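The values are calculated or read from the model by the stated rules, or taken from the named source; none is laboratory data. The structure displayed is predicted, hence computed values, not measured ones. Every residue, glycine among them, receives a Cβ derived from its backbone with ideal geometry; neighbour counts consider all protein chains shown. We work out accessible area using only protein heavy atoms, side chains counted, and drop any ligands, DNA or RNA first. Shrake-Rupley method; radii C 1.70, N 1.55, O 1.52, S 1.80 Å.
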Amino acid sequence: VEDTLEIDDRDIGRLIGRRGSNIRDLQAGTGCKVVTPPRKQDGEEPGLRTVKLLGTPEGLRRCKEVIAGVLMGEEPNDVLAELDGAVLMKNVDTMCMGHLAKIKQQIEKDKGVTIELDARSARIWSKDGDRNKALDAKEAIEDALDDVTTVDTLTVPVPGDMVNKVINDSALRQLQDATGLTANVAKTDDGTGIRLTGLFGAIQEAKKIIEKRSQGEGVEFLALMPGLFTRMAPRAWQDLQNDIGHLMRVSGAKVTISDGSNRADFEGTQGQVKHAKSELQKILGFYFPQECQTIEFPHESVDWIAGEDDRELMRLQSQGATASLDRAAATLWICGNPRSVEVVRNRVQNSLKRWNSENFSMTMQSKGQCLAIIGSVGSTIRELQTSTGTRINVDPNSLRVVITGKEDSVREAKSRIMAIARRTGDFSQGGGADGHKGGGRGGYRDDAGKGGVGKDGSGYGGPAPEKSTPGDEWGWAPSTTPWPAPAPAPWP
């Protein structure tokens, strides 16, 4: 059966969705084919456009209702769930979603319902079609989340010589990013501590992290999409458990992860948990290549990725996928449905392109080169910044030079700094590597991995070391499934 709808020009993009996501969900959920009109030609007056629908009479009825909801700003899958009698819980924060994942099975058993968790929403169906049971389950969930969502304040004692290290711990920072928790150094009658303000559940999680880090122990967690493992076949789930067991044996860290959880937890020494977390990201990337991805970027770009006051990070987290920024490792972990993961990944990659065009960093070979760039009482670096319109940071201790500004200005400042470095007389002895020609007398290495030209222009430092392949460090391998593992079933 064929039918049509008249839709305003301005609503066509909303109907299609980002990269066609809404159309795909509509067609998968209703069994109908949706044909949108061609793009409006330049100069064509705005007005109503015809959208063609092909399907069964029942499918067309559902499709029209879903389209009406989408044009009002709803998600197609939420509208479809409501048409099927589901009760919705929307805009569930990360901390509450984690607690809901823990109590999900018990609520389903007690209330006779089925609960489907998404990144920020929960859909509840009664198993016998009685909507009142779904409403009762929603009320029970809200009651269970009351304690978790209570705003509270707590000061956790921390030794004075460790407070700065603890408050900047990567796990604590990621928990703050995900929950809005605030952590500040506080002075009490008993000494120093970290004052936590936020949701009760987030405070309790932060307290565990702070206490373990204060004792010199390692603690990390990896945020996961709710229901990530529910679509795995029993054999694949067992293979994953075997691989995690192998990871624990070779890394020495304790890794806790369960079927209904929205996170993996790591315990052990600081080195053990750091490496175990990194390796688990690689393992999950093989089992779920579309749902789990890690983006690496230069350390200097971390603040750029997060944005001013972490606004860009919050935008990433609002795209329907888990986006966890590890500032210490300079990585972004993304976990969610393939559509949301793709949106976050593309946004980050576009942001990095802008950063790369406006930033450049290099490592000098000697302190003398850094001092020459700075000049007497900072005269040279001031002149460079004024004449090129860039901002230049030079750290003689780490031998790092960072240039920030417009693309053309950065290019000019880079050229002039390289000229200063070549003119400096106290070059350290240069040298090639990996078969590359040895340096003249010294040089520098830029942080894109390119070696610097020696004093006589003859040498390069060689390429940056290659990253190890997944699994090399700990030697993990799948239990039975050859890598790469088969891709999971398509998402609806």
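³J(HN,Hα) across the range 325-340 via Karplus (A = 6.51, B = -1.76, C = 1.60, θ = phi - 60°), whole Hz, x for Gly/Pro?
9, 9, 5, 5, 8, 6, 9, 10, 8, 10, 9, x, 5, x, 4, 5
Just to check I understand the Karplus step: with θ = phi - 60° and J = 6.51 cos²θ - 1.76 cosθ + 1.60, what whole-Hz values come out for the range 364-374, glycine and proline as x?
Per-residue couplings from phi come out as 6, 9, 8, 5, x, 4, 4, 5, 5, 5, 5 Hz.
Counting pairwise Cα distances across the range 1-131, what percent come out greater than 20 angstrom?
53
List the lysines whose Cα lies under 25 Å from the Cα of K90, skipping any in the same chain that are fewer than 8 positions away.
Qualifying lysines at Cα under 25 Å: K64, K102, K104, K109, K111, K127, K133, K138.
Which whole-Hz ³J(HN,Hα) couplings does the range 303-308 yield from phi under the Karplus relation 6.51 cos²θ - 1.76 cosθ + 1.60, θ = phi - 60°, glycine and proline marked x?
5, 5, 4, 6, x, 4
Just add up the charged neighbours of T380: K/R +1, D/E -1, any other residue whose Cβ is under 13 Å from the Cβ of T380. Walk me through the numbers on the way to the answer.
Values: positive: R382, R416, R423; negative: E383.
Overall, the nearby charge balance is +2.
So, with a 1.4 angstrom probe, what is the percent of accessible area on the range 265-320 that is carbon and sulfur? All intermediate terms of the calculation are to be shown ahead of the outcome.
Numbers: 1230 of 2570 Å².
C and S fraction of accessible area: 48 percent.
Can you send over the solvent-accessible area of K212, 1.4 Å probe, protein chains only, in Å² to the nearest 10?
Here the residue's solvent-accessible area equals roughly 50 Å².
Calculate the dipole size of the range 29-158 relative to its Cα centre from +1 charges on Lys and Arg beta carbons and -1 charges on Asp and Glu beta carbons; express the result in debye to the nearest 20.
Values: 19 positive and 24 negative charges, 143 e Å.
Computed charge dipole of the range 29-158: roughly 680 debye.
If you take all C-alpha pairs in the range 158-237, what percent of them are over 16 Å apart? It would help to have the intermediate numbers written out before the result.
On the way: 1755 of 3160 pairs.
I get 56 percent for the Cα pairs in the range 158-237 exceeding 16 Å.
What does the charge count around L71 come to, taking other residues whose C-beta lies under 9 Å from its C-beta (Lys +1, Arg +1, Asp -1, Glu -1)?
For residues surrounding L71, the net value is -2.
To the nearest 20 debye, what is the magnitude of the charge dipole of the range 255-410 about its Cα centre, counting +1 on the Cβ of each Lys and Arg and -1 on the Cβ of each Asp and Glu?
So the magnitude is around 220 debye.
Taking each pair of distinct Cα atoms in the range 131-180 once, what is the resulting Kirkwood hydrodynamic radius in Å?
14.1
Scan the range 203-286 for GluC sites (Glu not before Pro) in coil per DSSP, keeping those whose Cβ has at most 11 other Cβ atoms within 10 Å, and list them by number.
Values: sites: E205, E211, E217, E220, E267, E279; in loops: E217.
When the GluC sites (Glu not before Pro) of the range 203-286 are filtered for loop state and at most 11 Cβ neighbours within 10 Å, nothing remains.
Would you kindly find the accessible area of W304, with a 1.4 Å probe and non-protein molecules such as ligands, DNA and RNA excluded, rounding to the nearest 10 Å²?
Accessible area of W304: about 80 Å².
Would you grab the residues whose amide H sits under 5 Å from the one on T331? Only those 5+ places off in sequence or on another chain, please, with H modelled 1.01 Å from N.
D326
Nearest 5 is fine: what % of DSSP beta bridges in the range 1-129 come out antiparallel, could you say? Write out the running numbers ahead of the final one.
Details: 18 of 18 bridges.
So the antiparallel bridges in the range 1-129 amount to around 100 percent.
Given a 1.4 Å probe and heavy atoms of the protein chains only, how would you sort H99, H299, largest accessible area at the top?
H299, H99
Give the accessible surface of the range 299-437 per residue, rounded to a whole number of Å², with probe radius 1.4 Å and ligands, DNA and RNA excluded.
49
Nothing charged except the Cβ atoms of Lys and Arg (+1) and of Asp and Glu (-1): what's the magnitude of the dipole of the range 90-229 about its Cα centre? Round to the nearest 20 debye.
So the dipole magnitude of the range 90-229 works out to roughly 300 debye.
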